[in-house]
Structures are given as C-alpha cells and as structure tokens.
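Undergrad: Sharing a structure below in structure tokens format, with a few things to ask.
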Amino acid sequence: MLSTVLSSGILGVDGFLVEVQVDIGTGLPAIDLAGLPDSAIKEARERVRTAIKNSGYTFPVKRITINLAPADWKKEGATYDLPIAVGILACCGLVPQEKLKGCLLIGELSLDGSVRKGNGILPMVHSAFQKGIRTFFVPEENKEEAALVQGAEVYGVKHLVELMEHLNGLTEIRPCVVNWQEAVEATEEVLPDFADVKGQETVKRAMLIAAAGRHNLLMVGPPGSGKTMLARRLPSILPDLTFEECIELTKIYSVSGLLTNKNTLIRKRPFRSPHHTISATALTGGGRMPKPGEISLAHKGALFLDELPEFTRSALEIMRQPLEEKKVTISRVNGTVTYPSDFMLVAAMNPCPCGYLGEERCHCTQSEIARYSGKISGPLLDRMDIQVEAAAIGYDDLQQSRPSVSSAQMKEEVLRVQEIQQRRYEKEAISYNSELTPALIEQYCPLGAKEQALLRTAFDRLQLSARGYHKILKVARTVADLDGAKEISVQHLAEVIQYRSLDRKYRL
C-alpha cells in the first residue's frame, strides 16, 4: 500500500516542498530510505520505529520503502520524522489518506512519540503557503512562529497520538491564532540614548547622515573617545521595520535556530557586534551544513566591527562582495545557497597600535603604524561611505551642562529623510540613497557648475576612484535631504568631502 504525506525542506532561507512517499510491501523486514537523505534522516528509522511502538501502535514487520521527492535535492535535518511516521500509519490503514491531502507535516519525534521543536519552521510554512498549502501541523513550540503566515491554518502538535486522534476525528487540536496587532507592535525596549554622550557632535552628525541614507561608517579615534558607546546607540535612531521586513528577518533567525517564544517575530532592526576573533565562515555563513553568518543576521540592520584592524584579513576581504550585492552566495558540492545580507557596516579603529598617534605617549614606529593601518585594504576602505574622526574627549566636554541632542530628536530627522527618499524612489527598485546606481545618480544627483568644480578638485587631490566619486554624491544627496534642499549645493559637497579625507590624514 502507498501513502503520500507533504513535508518541507530548507534551501537558504526559503523552503521547498517534499513528498514523503511510503510503501509497505512483502519481503524481508527492512526500512529503505531514498531521496538524498542526510545522516539525521537515515537515523529516523529507529526514532520512528520506537516512537510508533511507544505511542501504542503496532509497527509493521514488513519491507518499508520511503522516498523523499524530489530525489535530486539534498534533504537535511530530523523534521521529516513526523510525516514518515504518519505515512507508515496511513499505509497500515490507521488514518484515512484523504485526511492528509493539502496538509503539510513538520516535526522531529522523540522516542516516546512527543514532537520536538525544530528550526526553519517559518520559511517552510511561508514557502508552502505561497504554493497553495493552507493546513500545517508543526511542533507545539513552533506554532506561533508558523502562524505568522497570515491565512495559514496552523496546528501545534505535542504528541504523535494527539495528531492521529485529531486526523481520525476523535479529538480536536485548536488552530493557533496570532494577535496581529501585538505581533506588529514592538515591545517597549529601553535603548541607549545619544543624549548620554558628551561632546562628539561631529560624530553624531555623521551617524545621523549614515542612518538617514543607510551609509557605511568608519570611526577613527583614540581609546576612550566613545566610538563603541556611539555605535551602540545607533539602533535607537534607525527607522522601524515594516511587517514584510519583520517576516524576512524572522525567517533568517528561524533557520539559524535563534528564535525563542519571547521573540517569535523579530521587531527591531538587528545590531550585531561580533568579536574580532570571528572566522570568515562565521562572519559570512557556511559550514558543512550551511547556516547564515553574522552579515545575514545583521540583514536590514547594522553590523558593528570594533577594533577593525584586529579582524583577520580574510574575514574583512570576504565582506567586499556582500557589501555591493546585498547577498552572500555559498557554494557546496550538493548545491548553492544564497542568504540576504543587506546591512549597514559600522566600524571603529584606533589611528595606530597604541591608539595615541600624535601624542607624546605614542611610541609607535612608522613601520608599526604602516603595518597596523595596512590591515585595512584600499578596496574595503573605499566602501566606507563616511569616515569620521572621534577626537579625544576633553574635561570641558564632560562638564558641559547644556542638553545634548537625544535619540528621539535624531530619529525624527531620520524618519523625515526616509519619507523623502520613499517618495523620490517610489517608481524605482530602491529605497535609500545608498542604493543609487550610476544611472540613477545622474538622474537624482545633478550638480551645478560650482559644485562640479569643487568635486573635480576633490577628485584630483584625494585621488578618488569611480566608487569614491559615486559615494560622495550619494552621501551628498542625503545631506541635502537633511537640509530639506532639492539640489546638492557646495556646502553639502564640502561637508561630505571632509568625510572622505580621513584616510589620507592617518594614511590608512
């Protein structure tokens, strides 16, 4: 007898449908698995056999053939246990086959028949729903995550017996209902405020520009100047996520196994700050069983790299392509996986190994300084839209009594500029000034004669690349938006050019 149960697998951050086909025939008792299963699925033989027995059902002592179609796609993980078990029981006549039509089952089984929590449930349900599936049976602990897909009928399953009785009409599992208003509304979270930062008005201005146009930012300054303190306040001025962005980001965290019951839906833009000892694989993603790295976990948010020169050269250089393409592609023998990585890069570094370049206490030699700054390659530095100096804080700055600009005030400016960009690019495939292509730059960043003369002088003196030229125009467009100006002026260009000359000062 043959039965078919729908399930799902993961490819990157998207799901794909898998037909679990089970056939029970005559022959020597055995369980054969086909369809490119990994070791975790092959071990399902014993998990499923024991779970069925401990659930009070009789396991058939016959030849059982299980095929996971399509057979040419690699299947990974233990979430096929539940559909395999139900498929076997359906072949034994313990559940009507018509009850399984249009239903998708996901879940790992314990030896006692209970259903364990799994990773990647949201992208599986989301992709299957787009393909017309409407009914889903998922682990109890994942039901709220799966129910984020609006319109899906999601049932949380605690035990194999509970599911069988529901399918046979003996008991009823109530579908999970998510309060959309509560899901969308962000919980009140106290974030560090820019009002706590004394001085560093230039850096605050640079961070305001970076947040408004989603530009990459590099801060250079001595230890104790507040670089890390400023960076950790960046999330307080970033615009809120849209619901579509929340779902997209939650799918990434679901695949990574980073969701908990308290944060079923990711509501805040992420701020990731990996240690400088991180490997290139952990930063970009990959591994034997590919998982998203830090640059994907920072999708739609910010990635902060403190002590930038202390990161390995390979880790830094591998970010160059994702910074441009907004995605990272990982190739393996079994296939290629693509993860989104549309993040804003914020980095901080000292001007020399000791950090006190230009002061009497600095004893770094020229060769040591060159070796230290040489860890940051020219192509990576060229991708930093804004380079700003975080000068040492003086006593008067710490004692100032006048109120500093707050995060709430800065966020109002960011939201105002974001609205301007959305109106301007409503017919384009972009949302922020940082995403402008060379063709769009010509359309939206026209310069007058005076502005062209200033930019030509800066281009020659700073020996800018074509990328550097375009970066200046993108940032200048954001500065003009902050000032409420329709055209880019000489003052806007002059301010932005200052943000591209810091590397010459420190010979980075």
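Undergrad: Which one, A152, T58, M124, is farthest towards the positive end of the dipole of the stretch 31-169 when Lys and Arg carry +1 and Asp and Glu -1 on their Cβ?
TA: The one lying farthest along the dipole's positive direction is T58.
Undergrad: Arrange the peptides 67-73, 392-398 so that the one whose residues have, on average, the most other Cβ atoms within 10 Å appears first.
TA: 67-73, 392-398
Undergrad: So for the chain, averaging the separation of alpha carbon pairs under 8 Å that are six or more residues apart and normalising by length, what relative contact order in percent results?
TA: Computed value for the chain: 13 percent relative contact order.
Undergrad: Could you give me the percent of Cα pairs per 10 Å distance bin for the stretch 35-85, shortest bin first, beginning at zero and ending with the bin that holds the maximum distance?
TA: Pair shares across the bins are 24, 54, 21, 2.
Undergrad: Could you grab the Rg to Rh ratio for the stretch 403-463? Cα atoms only, Kirkwood for Rh.
TA: Numbers: Rg = 15.8 Å, Rh = 14.2 Å.
That ratio is 1.11, to two decimals.
Undergrad: Report the convex hull volume per residue for the chain, counting only C-alpha atoms, in Å³.
TA: Considering the Cα atoms of the chain, their hull volume per residue is 171 Å³.
Undergrad: Further, regarding this structure: For the stretch 1-109, what is the Kirkwood estimate of the hydrodynamic radius, computed as the reciprocal of the mean inverse distance between distinct Cα atoms, to one decimal in Å?
TA: Working: mean 1/r = 0.0725 Å⁻¹.
Computed over the stretch 1-109, the radius equals 13.8 Å.
Undergrad: Calculate the dipole size of the stretch 253-381 relative to its Cα centre from +1 charges on Lys and Arg beta carbons and -1 charges on Asp and Glu beta carbons; express the result in debye to the nearest 20.
TA: Value, rounded to 20: 740 debye.
Undergrad: Where both residues lie in the stretch 1-150, what percent of DSSP beta bridges are antiparallel, nearest 5?
TA: 65
Undergrad: So what is the orientation-averaged projected area of the stretch 259-338, using the convex hull of its C-alpha atoms, in nm²?
TA: Computed as one quarter of the Cα hull surface, the answer is 6.2 nm².
Undergrad: Right, something else. Where nothing but the Cβ of Lys and Arg (+1) and of Asp and Glu (-1) is charged, how large is the charge dipole of the stretch 23-79 around its Cα centre, in debye to the nearest 20?
TA: Dipole magnitude for the stretch 23-79 comes out near 220 debye.
Undergrad: Please compute the net charge surrounding G25, taking Lys and Arg as +1 and Asp and Glu as -1 over other residues with Cβ under 15 Å from its Cβ. Could you put the intermediate results ahead of the total?
TA: Numbers: positive: K62, R63; negative: D23, D32.
Overall, the nearby charge balance is 0.
Undergrad: Dipole of the stretch 251-293 (Lys/Arg Cβ +1, Asp/Glu Cβ -1, origin at the Cα centre): which of T264, M289, P274 lies farthest to the positive side?
TA: T264
Undergrad: Another question about this same structure. Considering only protein heavy atoms and a 1.4 Å probe, what is the carbon-and-sulfur percentage of the accessible area of the chain?
TA: For the chain, the apolar C and S fraction of the accessible surface comes to 49 percent.
Undergrad: With a cut-off of 8 Å between alpha carbons and a minimum separation of six or more residues, what is the relative contact order of the stretch 79-138 in percent?
TA: RCO, the stretch 79-138: 38 percent.
Undergrad: If you don't mind, there's one more thing I want to ask. Inverting the mean 1/r over all pairs of different Cα atoms, compute the Kirkwood radius of the stretch 337-380 and quote it in Å.
TA: On the way: mean 1/r = 0.0778 Å⁻¹.
Radius from the Kirkwood sum: 12.9 Å.
Undergrad: To continue, here is another question. Suppose we take every Cα in the stretch 194-353 and form the convex hull; what volume per residue is that in Å³?
TA: 128
Undergrad: Where does the charge balance sit around I10 when Lys and Arg score +1, Asp and Glu -1, over other residues with C-beta under 11 Å from its C-beta? Present the calculation step by step, with values, prior to reporting the outcome.
TA: On the way: positive: K74, K75, K251, K291; negative: D14, E76.
Computed value for this residue: +2.
Undergrad: Mind checking which of I237, P70, Y80 is farthest towards the positive end of the chain's charge dipole, using Cβ charges of +1 (Lys, Arg) and -1 (Asp, Glu) about the Cα centre?
TA: P70
Undergrad: Dividing the alpha-carbon radius of gyration of the stretch 57-144 by 2.2 N^0.38 Å (N being the number of residues), what value is obtained? Can you show the working numbers first?
TA: Values: Rg = 13.6 Å, N = 88, 2.2 N^0.38 = 12.1 Å.
Computed over Cα atoms of the stretch 57-144, the ratio equals 1.13.
Undergrad: Now for a different question. Mind listing the phi-derived Karplus ³J(HN,Hα) values for the stretch 247-252, rounded to whole Hz, using 6.51, -1.76 and 1.60 with θ = phi - 60°, and x for any glycine or proline?
TA: For the stretch 247-252, the Karplus-derived couplings read 5, 4, 6, 5, 4, 5 Hz, x marking Gly and Pro.
Undergrad: May I pose another question? Taking the Cβ of R269 as the center, what net charge do the other residues with Cβ under 10 Å away carry, scoring Lys and Arg +1 and Asp and Glu -1?
TA: Combined, the nearby Lys, Arg, Asp and Glu give +1.
Undergrad: From the phi of every residue in the stretch 340-345, what ³J(HN,Hα) in whole Hz does the Karplus formula 6.51 cos²θ - 1.76 cosθ + 1.60 yield, where θ is phi - 60° and glycine or proline is x?
TA: For the stretch 340-345, the Karplus curve yields x, 8, 8, 10, 9, 8 Hz.
Undergrad: On to the next question. Please identify the trypsin sites (Lys or Arg not before Pro) of the stretch 415-508 that satisfy two criteria: DSSP loop assignment and at most 16 other Cβ atoms within 10 Å. Which are they?
TA: K427, K486, R507
Undergrad: Only Cα pairs under 8 Å and at least 6 apart count here; give the relative contact order of the stretch 374-473 as a rounded whole percent. Spell out each step's value before the answer.
TA: Numbers: 24 pairs, mean separation 39.0, N = 100.
So the answer I get is 39 percent.
Undergrad: Can you give the charge dipole size of the chain about its Cα centre, rounded to the nearest 20 debye, using +1 on the beta carbon of Lys and Arg and -1 on the beta carbon of Asp and Glu?
TA: 860
Undergrad: Given the chain, what percent of its DSSP beta bridges are antiparallel, to the nearest 5?
TA: Values: 29 of 58 bridges.
Looking only at bridges with both residues in the chain, the antiparallel portion is about 50 percent.
The values are calculated or read from the model by the stated rules, or taken from the named source; none is laboratory data. Just so it is clear, the structure is predicted and the values come from calculations on it, not from any experiment. Please note: Cβ atoms are built from the backbone with ideal geometry, for glycine as well, and neighbour counts cover all protein chains shown. Areas reflect the complete protein model, heavy atoms only, side chains present, ligands, DNA and RNA absent. Shrake-Rupley method; radii C 1.70, N 1.55, O 1.52, S 1.80 Å.
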